[in-house]
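Report on the following structure.
The values are calculated or read from the model by the stated rules, or taken from the named source; none is laboratory data. Since the structure is predicted, the reported quantities are computational estimates derived from the model, not experimental observations. Positions of Cβ are backbone-derived with ideal geometry, glycine not excepted, and every protein chain shown enters the neighbour counts.
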Amino acid sequence: MSEHRHRHLQPVHHDATPTPQFEPGALRRSLESDEYHSATTRALAEICGGIEALEQLDDDALMEAPFDITAVPVEDQALVNELLTTIDPFCETFLDDEYTSIVHRLLARAIAHPAHPLRRRAGTKRIAAALVWIALKGNNAIGRRRGWTGETLWYLLGVSDCASLGRGIASGMGATPSIEAIGFDRHPTGGIVLGDSLLLHSEARRWLIEYRETQIEVISHLEAVRDQRRFCVERDGRVELRGRGVTIAGALKGISETGRAIVMLVFGESVRDPDDVMALSVPDTHQLITQLQSALDSPLQDRVG
């Protein structure tokens, strides 16, 4: 096996944990929310391997790691050697080091998986092609208007269509969506959910980071709108009224431009420097006084704030 460059069947690690450039609580609040954005947050977290992985996601290139043959069971070493005979030359010729790392890591996980998804009746060349397809598909790099098409991949690897085999292997490893896909054209997983940021190419992670930031903006905006709502029906059917605190600076009686008597309510610390001024007709002023007195005489409502 020494004649092959088995470079990274070991986990691929980043040099350091990045520091998020946002207030991460927004994503976690979204997971607990019943707003429509919650499903999208769950999908993004699932793609990356969890909410913490989504929060910490960066777009650094995956680093190589030495291959540890001792991690492969003796009975599977011959299979691994044959698979890498196809995988390594193809990745080195047509892909890059990141994709080589991803395919190797997928291979290592498939070999170690208790379901043994690679122990199926298929030639090693087709299994190798299926693993490459999973890596590309899971990074949204294969399909229309992407970098690759299935037809090109199968042609270069000298095999017939292996997409069905790839889906079967991915399903055996649990790398398929458990929730509805995000309904956008540039869906970042292509129907294969790798579920680990260390299986995501830097280009895919770059897109996910942009989407994460946009998602946080959406969440923050909706939270701000929700907080500004004056009337809200709670889940238990109770009604909540919200209002902002104000200070009455004074009330003045005057004449409007149309010659009608009006009462001016001045809000703020000073009549000479008001924060706001509202004009009421005399009948509306009497009605306001009646309503205010009625509110003062009523029992305290525990959901009015």
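Going by what's in this entry, would Tyr36 be described as of a type in the set (Phe, Trp, Tyr) and at pLDDT below 90?
Criteria met by Tyr36.
Which numbered condition trips up Pro274, out of (1) at pLDDT 75 or above; (2) of a type outside the set (A, V, I, L, M); (3) closer than 30 Å to Leu27 by Cα?
The single condition Pro274 does not satisfy is (3).
In the stretch 87-98, how many are in a helix (DSSP H, G or I) and surrounded by fewer than 21 Cβ atoms within 10 Å (Cβ to Cβ)?
Of the residues in that region, 7 qualify.
May I ask you to list the residues in the stretch 42-64 that are crowded, with 20+ Cβ neighbours inside 10 Å and free of Cβ contacts under 8 Å to residues at least 60 places away in the same chain? Full working, then the answer.
Residues of the stretch 42-64 crowded, with 20+ Cβ neighbours inside 10 Å: 43-45, 47-48, 54, 57, 62.
The one that is crowded, with 20+ Cβ neighbours inside 10 Å and free of Cβ contacts under 8 Å to residues at least 60 places away in the same chain: Ala45.
Kindly provide the set of residues from the stretch 125-167 that are part of a helix (DSSP H, G or I), surrounded by fewer than 18 Cβ atoms within 10 Å (Cβ to Cβ), in contact with a helix residue (DSSP H, G or I) (Cβ under 8 Å, 6 or more places away or on another chain) and not aliphatic (A, V, I, L, M), ordered by number.
Lys125, Gly150, Trp154
Please state which one of Ala249, Ala261 is over 30 Å from Asp58 (Cβ atoms), of a type in the set (Gly, Ala, Ser), modelled with pLDDT of 80 or more and surrounded by 14 or more Cβ atoms within 10 Å (Cβ to Cβ).
After applying the criteria, what remains is Ala249.
In the stretch 65-83, which residue that is loosely packed, with under 12 Cβ neighbours inside 10 Å and farther than 26 Å from Ala122 by Cβ is modelled with the lowest pLDDT?
Pro66
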